[in-house]
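> What follows is a single structure, and I will ask about it in a moment.
Here, each number is a calculation from the coordinates, and none is a lab measurement. From a predicted model like this one, the values you see are computed outputs, not experimental measurements. For neighbour counting, all protein chains shown are included, and Cβ atoms are generated from backbone atoms with ideal geometry for every residue, glycine included.
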Amino acid sequence: MKSIIKQKEFSIFMIVVLLCVVLSFVSPVFLTFENFLDIIEGNVVMAILAVGMTLVIITGDIDVSVAAATTAVAVIIGNLFSFLPDSWISILILFLIAPVIGIIIGAINGLLVSKIKIPAIVVTLGTLNIINGLVLYLTNGQYLNSSNFPKPFLTFANFEFLGIPILVYLLTAVAILTWFILKHTLIGRSVLAIGGKSQSAVRVGINYNKVKLFVFAYMGFLAGIAAIAQTAYTKAVDPNGLLGVEMMVIAAVVLGGTNIQGGRGSIQGTLLGVLLLAIMQNGMILAHIDTFWQKVVTGAIIVIAVSYDQISYRRQQAKLAKIEVEA
Amino acid sequence: MSEYLLQMKNISKTFPGVKALDNVELEIKKGEVHALIGENGAGKSTLIKILAGVYTPDPGARFFFEGKEAEISKPLDATMKGISIIYQDLSLFPNLSVAENIYIGRDSHKKPWTKVKWNDIKKIANKALKELDMDIDASIPVEQLSIAQQQMVEIARALAFDSKLIVMDEPTSSLSAGEVEKLYNVIDKLKKQGISIIFISHKLKELFKVSDRFTVLRDGKFVGSYDAQDMTEPKLIQLMVGRNVTYEKNQATVEVGETIFKVNQLSKEGNFKDISFELRKGEVLGITGLVGSGRTELAQAIFGISTPDAGTIELYGKKLSIRNSAGAVKEGVAYIPEARQTQGLVLEQSVINNISLPIISKLKNKFRLTDRKQEVKLAEEYVKTLDIRPALPHLDAGNLSGGNQQKIVIAKWLSTKPKVIIFDEPTNGIDIGAKTEIHKLMRKLANEGIGVIMISSELPEILAVSDRILVMRHGRIAGELNVAEATQENIMHYALQGKSNGKAPTFVAESNQMSQGV
Ligand SMILES: Nc1ncnc2c1ncn2[C@@H]1O[C@H](COP(=O)(O)OP(=O)(O)OP(=O)(O)O)[C@@H](O)[C@H]1O
Ligand SMILES: [Mg+2]
C-alpha cells in the first residue's frame, strides 16, 4: 500500500519476466547473457534520454526535442573530432563540451517554457524542427564515419570492465545520479512538488521558473551525455539516426509508471519501461516479425499500457473520492 | 518597538475588471487573535495572498513588520519573516507524503542541491501531528486523506514552522466539532507563546469565541478595526453587510401536498438506525442534531454514496434501488455535500461551463451541437438567483472568491432539475447576507414542488427555513417538531437528551457543536 508507483513497478517487472519466459520459447538465443547485454547496450541512449524525460514528465511537461538535441550535439562533436588530438585529453574535452551544448539547448527550451510561458509541447516542437533543419543544412544529411575520430575515443568506446561495456556503466551512473537528485535533494523534491500541484508549490516559496528551467536544462545535459553514448555505440554520426526516437523515449517513461499529467514517477520504473520496450523489439526481431508489424505492435502496446494506467488511476481516485465523502 | 507585529497600509489590488481591494489597511498586534471579516468576495483572501507574497499589490502598498518597513514581493519574503498561511483552498501536494507536506517550504531559501534530511522531516511532522492529536501515518500520500484530515495537515504545517504570525483562512469549514475544539486549544497555546493569528471565518459565534479584535472589509474597502469588547453580533453584521440581517422564524403555513419522498426503516450499522420519514410537496424538511449524530451519513445513504443495510426509499410511490450516486442523480435525487470546496469545480473553466456541465448533453440546438445561448441563459439565471459575485458568468471559476465558488457548486446541482434535493449545511462558508438568499431559494424550490431536505447545525437557520424538523441523536430520530411548536430550547432538548434517556449532559459543554447564533 506504500504507493501506487511501487505496485506499478512490480507489475511492470512481472510483465518483463513473463515476456522473457515467452521469448525464451520463441528463440533459444534469447535467454543468453550476450543477448541481454546486447539489448541493454543497444538501448543505452534511449535509457539515458528516458531518465531525463522522467523529470520533465513529472513536472507535467514534455520535451519532444530530445532526439534532435542529441543529434545536434553528436554532429557538433563529430565535427570537432578532427580538431582534437589523439590523446586522452580529448575524452575529457568531449565530456565537458557535449553536456554544455546540451545544457544550452535545454536551457533555451526551459526559458521559453518558464519565463515566456509557452506550452512545452509547442516550444519543443519548435526547437525540434529548428534543430533538424539546421543539422540537415550543415551536414547535407551526410554520415560521418570514425576515420577522423581520435584513437582514445575508439578505445573508450570499446572498453569493457568485467565483461560489461562502458556504456552500461555510463547509464548506471546517470541513473543513480538522477535517482539521487529526485529522491534526496531539494531541487528533486521541488520537481515532484511542482508536478503534484504547482499552485501549492508557488505558495510554499518554491521558485517555479527555476525548477522548470532546471528540468529542461538537465534534460539537455543528459542529451549531451546521450550524444557521446550514441557516437561511441555507432562509431559514427548519422544525422538521421535518431529520427523519431523521442516517441520511444516518452513511451518508455510512461510505460514505466510515470503519470503523463505529472506528479508521480520514478527512475526505477523508467528503466523497467525501457527494458520492456527493448525486450519486446528484440523478441520480435528474433521471432522474424516484419518491421512494419513491429511498429504496429509497439504502438498498440503503448496505447494499451497508457490507457490501463489512466483507467486504474482514475478508479483509484474514484475510490478515494468515495471514502472522502463517507468519512 | 511598536506594539504592532504587522501593519499593512494602502493596499489596493486590481484584477482585470475587478477592484478586489481599495486602499485597505490591516494592523496586527503581537499575540492577538485578529478576525478578518466581510462578505463573500469582500477581499479577505486577496488581502491574505498579498501578505503571503502570492499576489503583488498595486503600487503604493506599504508593509511594516515588527515596526520596520518591510518588503514582501514573493512568498519566500513572507516565509522568512515567520508568516505562515493556512489557505482557504489548501496548499498541499496530493502526491507527497503527509510528513513532507508538513515540512515543505522550510528549506525554500536554501541552495537547490541541499540534501533532504528525511529524519528531520519525520521528526518535525510527527511533533506537529501530535500537537494536534492526530493519529495518522505520516508516510502516506496526502491524496489518501479525507478533506478534514487534509485541513488538519495544512494546520500542522503552520505549527511546525516557527511562525510569528499564522493566518487561518476559513480553517474550520470542513472540520468536525472535535477537530474544531482541538484547533481552539492550539490557538490558545499559540497566543500564550506570543504568536499572532489572523482568523477568517463566516461563523460569527466562532469569531467571538476566539478573537481579540476585528477588521471589517466591505466590497474591497476598509470599514474599520474594532476591539472585541466593543463589538456585538448585530453591530458586526451591520458593518459587514451594511444593513441589518435577522432571521425570522418561519411563520408561513404551507399547503402540503402529496408525498414526494418516503424513507422507511432505513438502517446502517454504526451510522443510523430505523429512520423513517416522509417529505411532502411544498414543505422544507429540516434535519438537525449534533455533529456526529448521523445526519450526513443518512443523507449519503439516500444518495447512494454508501449502502444502507436495511430499509427502503420511495420516490413518488416508486421504490428506488440506488446503488451509487450516478444512479441517484438519474432517479432525480440530488445531494449538495458539506465539503464543497474541492467538489468538482473545473477552476480553469468559466462559471457558465461549470454550471451547465451536468446537463451539457441536454442543451442541444437543432444541429445537435451544444446550444451556447441556452447555456449562457441558464448560467445567468443562477448567477442572479444565488447572487454569485461578481455577476460575470464568463469569468473562470477559479477567479471567484471561495464562497462564490461554493454557490457555483450549488447552481450546478440545481441545473439537473432534481425531484428531491438534500442540502448539507448549505450556508457553510457563505456570508450572512447571501445566507438569506439561499434560504429564500430553498423556499422557492419547495414552492415549485421540489422536495427539499436541509441538514443544518445552525438552529436559527433550521427555524427560519424548515416547515418540519427532525432532530437526530446517536443515529436515531430523537424528535419531530412542526416549526410552529419548535424553539431552540426544545430542539436542543431532543438533540442532547432524546425522548427517553433521562441523563442530561451539560448543555454548555456540547452547545458549541450546535450554533445558536446567526
Ligand atoms: N485571481 C483572480 N482573478 C480575478 N479576480 C479575482 C481573483 N481572485 C479574486 N478575485 C476577485 O476578487 C474579489 C475578492 O475575492 P476574495 O477571494 O478575496 O474574497 P473573500 O473575501 O475571500 O471571499 P470568501 O468569503 O467567499 O472567501 C472577488 O470579487 C473575486 O472574484
Ligand atoms: Mg476567501
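> Which value in nm describes the separation of the simple spin-label points at B:Ile360 and A:Ser11, placed 7 Å from the Cα toward the beta carbon?
2.8
> Relative to the Cα centre, what is the charge dipole magnitude of the stretch A:4-319, using +1 at the beta carbon of each Lys and Arg, -1 at the beta carbon of each Asp and Glu, and rounding to the nearest 20 debye?
1420
> Something else: Counting only other chains, and only Cβ atoms inside 10 Å, what mean value do you get across the residues of B:144-150?
4
> Need the C-alpha centroid separation for the stretch A:58-90 versus the stretch A:155-199, integer Å.
Centre-to-centre distance over Cα atoms comes out at 18 Å.
> Here's a follow-up. Calculate the FRET efficiency for A:Gln310 and B:Lys377 from the Cβ-Cβ distance with a Förster distance of 30 Å, rounded to the nearest 0.05.
Here the calculated transfer efficiency is 0.30.
> Quick one: Cα centre-to-centre distance for the stretch B:182-237 and the stretch B:113-132, in angstrom?
31
> Further question: Remind me, relative contact order of the stretch A:171-262 in percent, using alpha carbon pairs under 8 angstrom and six or more residues apart?
It comes to 19 percent, rounded to a whole number.
> Additional query: Neighbour counts of other C-beta atoms within 10 Å: give me B:Leu132, A:Leu271 arranged from fewest to most.
Going from sparsest to densest Cβ surroundings: B:Leu132, A:Leu271.
> Using the Karplus curve 6.51 cos²θ - 1.76 cosθ + 1.60 with θ = phi - 60°, work out ³J(HN,Hα) for each residue of the stretch A:91-101 in order, rounded to whole Hz, and write x for Gly and Pro.
Running phi through 6.51 cos²θ - 1.76 cosθ + 1.60 with θ = phi - 60° gives 4, 4, 4, 4, 6, 8, 6, 4, x, 5, 4 Hz.
> What is the average number of partner chain Cβ atoms found within 10 Å of a Cβ in B:81-92?
Across the residues of B:81-92, the mean count of other-chain Cβ atoms within 10 Å is 2.
> Here's another thing I want to ask about it. If amide hydrogens are placed 1.01 Å from N in the peptide plane, which non-local residues have theirs closer than 5 Å to the one on B:Ile85?
B:Val167
> Separate question: Taking Cα centroids, how far is the stretch A:203-278 from the stretch B:12-71 in Å?
43
> Using just the helices of chain B, give the 222 nm mean residue ellipticity in deg cm²/dmol: DSSP H runs with n ≥ 4 each add -39,500 (n - 2.57), and the total is spread over all residues, rounded to 500.
-9500 deg cm²/dmol
> A further question follows. For the residues B:Val333, A:Val29, what sequence is obtained by ranking on other C-beta atoms within 10 Å, fewest first?
Ranking B:Val333, A:Val29 by Cβ neighbours within 10 Å, fewest first, gives A:Val29, B:Val333.
> May I ask you to list the residues of the stretch B:22-47 whose amide nitrogen lies under 14 Å from a point 7 Å from Cα along the Cα→beta-carbon direction of B:Phe64?
Under 14 Å, as judged by backbone N against the label point of B:Phe64, lie B:25-30 of the stretch B:22-47.
> Out of all DSSP beta bridges with both ends in the protein assembly as shown, state the antiparallel percent to the nearest 5.
The antiparallel proportion sits near 60 percent.
> Something else about it: Rounded to the nearest 5, what % of the DSSP beta bridges within chain B are antiparallel ones?
DSSP beta bridges in chain B are roughly 55 percent antiparallel.
> Let me ask you something else. Given the pairs B:Lys268/B:Lys319; A:Lys183/B:Lys30; B:Lys205/B:Lys249, which are separated by over 29 angstrom at their Cα positions?
A:Lys183/B:Lys30
> Note the full-extension length gain between B:Lys19 and B:Thr259 as 0.36 nm times their separation in residues minus their Cα-Cα distance, in nm to one decimal.
Difference between extended and current length: 81.5 nm.
> Using +1 on the beta carbon of Lys and Arg, -1 on that of Asp and Glu, and nothing else charged, what's the dipole of chain B about the Cα centre, debye to 20?
The dipole magnitude comes to about 1020 debye.
> Also, I was wondering about something else. If the cut-off is 20 Å between C-alpha atoms, which lysines fall inside it for B:Lys366, apart from same-chain ones fewer than 8 positions away?
Result set, ordered by chain and number: B:Lys377.
> Tell me, what is the FRET efficiency for A:Asn209 and B:Glu278 to the nearest 0.05, using R0 = 51 angstrom and their Cβ-Cβ distance as r?
Result of the calculation: an efficiency of 0.25.
> Based on the mean of other Cβ atoms within 10 Å per residue, sort peptides A:14-26, B:118-130 so the most packed one is first.
Going from most to least packed, we get B:118-130, A:14-26.
> Can you show me the helix-derived [θ] at 222 nm for chain A, built from DSSP H runs with n ≥ 4 at -39,500 (n - 2.57) apiece and divided by the number of residues, rounded to the nearest 500.
-25500 deg cm²/dmol
> Averaged across the residues of A:192-202, what count of C-beta atoms belonging to other chains lies within 10 Å of each residue's C-beta?
6
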